[in-house]
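This report concerns only the one structure given below.
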Amino acid sequence: MAARRARATATAPVAGAPALEARGLVKRFGPGPPALDGLSFHVEAGELYGLVGPDGAGKTTSIRVLTGLALPDAGEALVTGLPASGGADAVRSAIGYMPQRYSLYGDLSIDENIAFFGRLFGLTRAALAERREQLLGITRLLRFGGRRANDLSGGMYKKLALACALLHRPTVLVLDEPSNGVDPVSRRELWDLLYGFVAEGMAVLLATPYMDEAARCHRVGLLSRGRLLAEGAPDALTRGFPHPTLRVVGGLAGRAPGEPPLEDVLEARAEVLALSPHGDDLRVVVREDGADAFRAWASARGLAVEAVLPDFEDVYLGLLAAAPSAEGAR
């Protein structure tokens, strides 16, 4: 209790504390299941942590609580060991936050948005000029300074939002689905920037619904209904996945007239946890003890089945399906 009181009154980062930490976070929006249900995880300096889940899993609520924009109903949200919502200058200066959309002033140009956020962060004119050159340089926006934010492409808009979030040199960067609506080239450039920031010691928390992005993170937390299904390095989670993954060769081709879609038939089988189409084939995740029964059923129907290594999407879908059922979080 004394340690908790000391943390609550501290105004400087706590030595040895994680860059970001969620401790048993609970958040409710009216009656019904909570949006966050005892959520706990942490992000260290120099780490890129992915908070992964579909819409409604609780990603944005988690980010709003961790950045101090919303108060938890229970638990603690800490930034460098300090309460996220405590109002300490050290917390505000530590965090750079890039929301999913609409974080810029559309009628202002790139340069005007940079100037506005620079003044908001209290940068001197000299410091602002230096940061503008540096950030617009690495985001390749320097020659577009006079273009309005509303006239930018999706990728350029996201890179400008990122530059504005980094003006005050935060040590923690929080991104809510940063590649949503971004073209493939800009998406790759955005990831190159993130890897560069992490290599310099920045802690990055990234919320994403995309499994290919999750696989690029150092660690991930697989989120569902405001709780973590699993946490760890993507490769380790894939290697430790207990449920067999099978490929039904040509499972989407050659359906006879009047025959129900194979996906519907498979989803009704008790041993099937998840499935996803891959060309004419179907990838099927089955329960740990269900592979033999599935193979026998497929053989009787003349379907060719091959064992394949699970990818990260198989892991998430399988864990999600195997988790105890509950109502969704927002």
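Read the figures in this text as sums done on the coordinates, not as results from a lab. Computed from a prediction, not measured in an experiment: that's the story for all the values here. In this analysis, Cβ positions are derived from the backbone assuming ideal geometry, glycine residues included, and neighbour counts consider all displayed protein chains.
For this structure, a couple of remarks:
- Helix-only arithmetic for the chain: the sum of -39500 (n - 2.57) across DSSP H runs with n ≥ 4, divided by the residue total, places the mean residue ellipticity at 222 nm at -9500 deg cm²/dmol.
- Computed label-point distance, nm, for sites Ser276 and Ala233 using a 7 Å Cα→Cβ extension: 2.2
- Estimated distance in nm for a label pair at Asp212 and Asp55, the labels positioned 7 Å out from Cα along Cα-to-Cβ: 2.0
- The slack between Arg269 and Arg295, meaning 0.36 nm per residue of separation minus the straight C-alpha distance, is 8.1 nm.
- When the square roots of the Cα gyration tensor eigenvalues are ordered a ≥ b ≥ c, the ratio a/c for region 23-143 is 1.5 or more and a/b exceeds b/c, which makes its shape prolate.
- Shape class of region 127-208 from the Cα gyration tensor (axes a ≥ b ≥ c, square roots of the eigenvalues): oblate, since a/c reaches 1.5 or more and a/b does not exceed b/c.
- Where N is the number of residues in the chain, Cα Rg divided by 2.2 N^0.38 Å: 1.15
- Only Cα pairs under 8 Å and 6+ residues apart enter the sum, and on that basis the relative contact order of region 242-309 stands at 46 percent.
- Label-to-label distance, nm, for residues given as Arg28 and Tyr105 (7 Å Cα→Cβ offset): 4.0
- Dividing the convex hull volume of the alpha-carbon atoms in region 14-61 by its residue count gives 84 Å³ per residue.
- Cα gyration tensor category, rounded, prolate or oblate, for region 242-309 with a/c compared to 1.5: prolate
- Computed on region 2-237, with alpha-carbon pairs under 8 angstrom and 6+ residues apart, the relative contact order is 29 percent.
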